[in-house]
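Notes to accompany the following structure.
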Amino acid sequence: LPSLAPQLWSALLTSCFFHLPEWLQSVQATMILSIIFSVLSLFLFFCQLFTLTKGGRFYITGVFQILAGLCVMSAASIYTVKHTEWHINSGNSYGFAYILAWVSFPLALLSGVIYVILRKRE
């Protein structure tokens, strides 16, 4: 039984991730990049909160948050164009995650702009 687990795991990974169309892999990659940029932005905000001088702006944090928003936008745009290839019989339904992505795009851009404008107080 222990020798069977690696074979099942590799078969699962091969069937789930490597037979997807290239556009869907790019959607997944850009969404993962947006998560990484968002987490980096949060981490950098806390770092800058303690190291930035009084009156300084959170430029690096804002740039990473804006990059996260742009990654979400590109992923949602690609999915919008190619949706009919993936879900042939789905009709007009995109799903709740699609709507959540389009809602998170302007919110990420807005928070990035707020980070850039924001100044550190005492």
Estimated vicinal HN-Hα couplings, Hz - region 52-59 in sequence order (Karplus 6.51, -1.76, 1.60; Gly, Pro = x):
6, 6, 4, x, x, 9, 8, 5
Extension gain, residue 19 back to residue 42 (0.36 nm per residue minus Cα-Cα distance, nm)
4.9 nm
Hey, what's region 22-71 come to in accessible area per residue, 1.4 Å probe, Å²?
59 Å²
Chain lengthening between residue 51 and residue 32 when straightened (0.36 nm per residue, less Cα-Cα)
4.0 nm
Quantify, in whole percent, the carbon and sulfur part of the accessible surface of region 19-121 (1.4 Å probe; protein heavy atoms only).
75 percent
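The values are calculated or read from the model by the stated rules, or taken from the named source; none is laboratory data. Every value quoted in this text rests on a predicted model; they were computed, and no experiment measured them. The protein model used for the area step is the full one, side chains on, heavy atoms only, and it has no ligands, DNA or RNA in it. Shrake-Rupley method; radii C 1.70, N 1.55, O 1.52, S 1.80 Å.
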